[in-house]
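The values are calculated or read from the model by the stated rules, or taken from the named source; none is laboratory data. Because the structure is a prediction, the values reported are computed rather than measured. Here the Cβ positions follow ideal geometry from the backbone for every residue, glycine too, while neighbour counts run over all protein chains shown. Protein only, heavy atoms only, side chains kept; ligands, DNA and RNA dropped before computing areas. Shrake-Rupley method; radii C 1.70, N 1.55, O 1.52, S 1.80 Å.
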Amino acid sequence: MDNEIRRLREEHGLSQAALGAALGVSRQTVISLETGRYDPSLPLAFTIARHFDLSIEEIFHDQH
Amino acid sequence: MTSTDRRRARLATSLAATVAATGATLVVGWALLDRYAPTDTARGFLIGGGIAAALVVLAILRAHLRPSAAASPDRVLAHLGDERDALIAREALAAVGLAALLLSGLATGLVAAGVDALGVTTAETYLLLALLVIAWRRASARH
């Protein structure tokens, strides 16, 4: 699943570690999310969306 | 209570629980093996178990004191893992569980066929440990 996490993080001037701390996940998990290797659970997707004040659909894109 | 105090309290609890659990396991295991197992099995269990316990304590300390340097197993052992860490642990342990069933069946057959039981069970233990490391690394790379 594609996502906008890297772009949003950079726009907000956050490091991967800082975003991880804000979301309650590790820096490695942020890296995996950004590269699309890991699809978050629905609660984590909501946390990410709330953090950037966007909807889930604006951050995550179905590839189909 | 500040967040630093809470972090310290969690670290102390985690370390105390680990030391108590591993200490009890080592003592009971050593007592049983010393009485019933052949040759130096009890001593080997105590040394191997002691090394494993020390590694677990190191992992917990790293996860708490140097989170940026901590890896997925450190966080899982320290109960600080996130959902990705839990997924990796679940996949790796599932692979080891399945392999343990197959290897135990094979080991039973080998012992029944007359192969040295101590050698077979030792080989099985090391194979499963190696498989755990490989499965964990593969799951980390996949997720």
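Structure data summary
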{"item": "Residue-normalised accessible area of region B:1-106, expressed per residue, 1.4 Å probe, Å²", "result": "63 Å²"}
{"item": "Degrees between helix B:117-142 axis and first principal axis of chain B (Cα, 0 to 90, nearest 10)", "result": "30 degrees"}
{"item": "Degrees between helix B:3-36 axis and first principal axis of chain B (Cα, 0 to 90, nearest 10)", "result": "10 degrees"}
{"item": "Heavy-atom accessible area per residue - chain A, 1.4 Å, Å²", "result": "57 Å²"}
{"item": "Qualifying chymotrypsin sites (Phe, Trp or Tyr not before Pro) for chain A [loop in DSSP, other Cβ within 10 Å: at most 10]", "result": "none"}
{"item": "Loss of accessible area when A meets B, both sides summed, Å² nearest 100, probe 1.4 Å", "result": "900 Å²"}
{"item": "With Cα atoms, 0 to 90° folded angle of helix A:42-52 axis to chain A main axis", "result": "60 degrees"}
{"item": "Threshold 30 Å² - residues in region A:17-37 whose accessible area is reduced by that much or more when the chain is no longer isolated, probe 1.4 Å", "result": "A:Ser26, A:Gln28, A:Thr29, A:Arg37"}
{"item": "Highest average packing first - B:100-108, A:27-35, Cβ atoms within 10 Å", "result": "A:27-35, B:100-108"}
{"item": "Relative contact order %, chain A, counting alpha carbon pairs below 8 Å whose residues are six or more apart", "result": "43 percent"}
{"item": "Chain B: relative contact order as a whole-number percent, Cα under 8 Å and 6+ apart", "result": "18 percent"}
{"item": "Carbon and sulfur %, accessible surface of the protein assembly as shown computed with the full protein complex present, 1.4 Å", "result": "64 percent"}
